[in-house]
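Participant: The structure follows.
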Amino acid sequence: MKTARKSFGEDYECKQPWPEEIFVQCGESGVVFSKEGNYGTAFFEAFPKSPSCFLRGEGATVEEAEEKCWNSYQKVISCDHEMERRNRTDGYGYCKHCSYSSMVFEPLTKCCKCNTPTAYSKDHNDKYYCKKHKRFKPKDPNPSKYFDDSYQRTPRKYKKLLKKGATKKFRDGGILGKVKYQIGVTGSKKFFCGGKVLNIMFKRQELMLAGRYKPKREGDEYSD
Ligand SMILES: [Zn+2]
Ligand SMILES: [Zn+2]
């Protein structure tokens with residue numbers, strides 16, 4: 001009998017006669033505590049090749065999850081699929097009767113350069129580009145700070161400089177111990193030492209700390 005790769009622990013021995021070419025995996029998500037009593041949650045996933053799709057079953061135990069997954073597989077291989085787009089425009093379709101879903105349609109969107117149906121790449125004005133014309137796609141002038149790779153991260157050298165400055169400030173204040181720091185995605189910076197926090201709130205403070213700005217008077221303070 002086939003075995004399924006398990007996220008933790010030993011492999012699970014399948015109870016259903018899965019064909020050898022189908023990759024299967026399973027896992028237990030632990031115990032769910034509820035008023036009705038505690039119960040386990042488990043999943044079982046199969047990746048058939050023909051038709052190529054992804055099937056998942058969930059249950060109280062892996063056995064139960066596998067049985068559900070097996071039943072959907074049986075439905076998929078015996079079904080006369082009737083595909084529909086639902087709310088997708090990229091060509092991906094879902095069968096009305098079983099769990100089969102796949103890229104079966106032409107995309108409803110077209111390349112703005114050659115008019116070929118494509119969902120390959122989309123710019124910030126919702127214009128589409130096929131693989132061949134992707135090089136004409138303009139750069140987003142207002143990239144999201146959180147998800148864009150081009151958002152500049154604080155360079156390591158500069159971090160070191162800031163940490164050195166922060167350490168000096170802590171020591172000057174009579175605070176000893178290891179200095180730790182936290183730099184947020186938005187660029188907010190915090191330093192911690194001996195239960196004290198040094199919050200960098202202004203660019204001027206930061207430059208002072210890095211020794212790149214000479215203040216007329218000390219501005220930053222420690223806070224708990
Ligand atoms: Zn179907
Ligand atoms: Zn094109």
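The values are calculated or read from the model by the stated rules, or taken from the named source; none is laboratory data. What you see is a predicted model; the values in this text were computed from it and never measured. Because the Cβ atoms are built from the backbone with ideal geometry, glycine has one as well, and the counts that use them run over all protein chains shown.
Participant: For residues that are over 29 Å from residue 81 (Cβ atoms) and outside any loop (DSSP other than H, G, I, E, B), scanning just region 122-140, find the one that is nearest to ligand 2 (Cβ to nearest atom).
Facilitator: 129
Participant: Additional query: Return yes when residue 93 is more than 14 Å from ligand 1 (Cβ to nearest atom) and modelled with pLDDT under 95 and no when it is not.
Facilitator: no
Participant: Counting just the residues of region 81-90 that are within 11 Å of ligand 1 (Cβ to nearest atom) and not aliphatic (A, V, I, L, M), which one comes out farthest from residue 107 (Cα to Cα)?
Facilitator: Only one residue tops the list, namely 81.
Participant: I would also like to ask the following. Please go through region 96-121 and give me each residue that is part of a loop (DSSP other than H, G, I, E, B), of a type outside the set (Lys, Arg) and more than 16 Å from ligand 1 (Cβ to nearest atom), ordered by number.
Facilitator: If the condition is that a residue be part of a loop (DSSP other than H, G, I, E, B), of a type outside the set (Lys, Arg) and more than 16 Å from ligand 1 (Cβ to nearest atom), then 106, 107, 108, 109, 112, 114, 115, 116, 118, 119, 120 are the ones that fit.
Participant: Got a sec? Which of 116, 109 is surrounded by 15 or more Cβ atoms within 10 Å (Cβ to Cβ), at pLDDT 95 or above, more than 28 Å from the chain's Cα centre (by Cα) and closer than 30 Å to residue 137 by Cα?
Facilitator: Among 116, 109, only 116 is surrounded by 15 or more Cβ atoms within 10 Å (Cβ to Cβ), at pLDDT 95 or above, more than 28 Å from the chain's Cα centre (by Cα) and closer than 30 Å to residue 137 by Cα.
Participant: Only one of (1) touching a helix residue (DSSP H, G or I) at 6+ places or on another chain (Cβ under 7 Å); (2) of a type outside the set (D, E, K, R); (3) over 22 Å from residue 1 (Cβ atoms); (4) modelled with pLDDT of 90 or more fails for residue 53. Which number is that?
Facilitator: Unmet condition: (4).
Participant: Inspect all residues belonging to region 70-80 and state whether any of them is assigned to a loop (DSSP other than H, G, I, E, B), surrounded by fewer than 16 Cβ atoms within 10 Å (Cβ to Cβ) and more than 16 Å from ligand 1 (Cβ to nearest atom).
Facilitator: Within region 70-80 (the criterion being assigned to a loop (DSSP other than H, G, I, E, B), surrounded by fewer than 16 Cβ atoms within 10 Å (Cβ to Cβ) and more than 16 Å from ligand 1 (Cβ to nearest atom)), the answer is no, since none of the residues qualifies.
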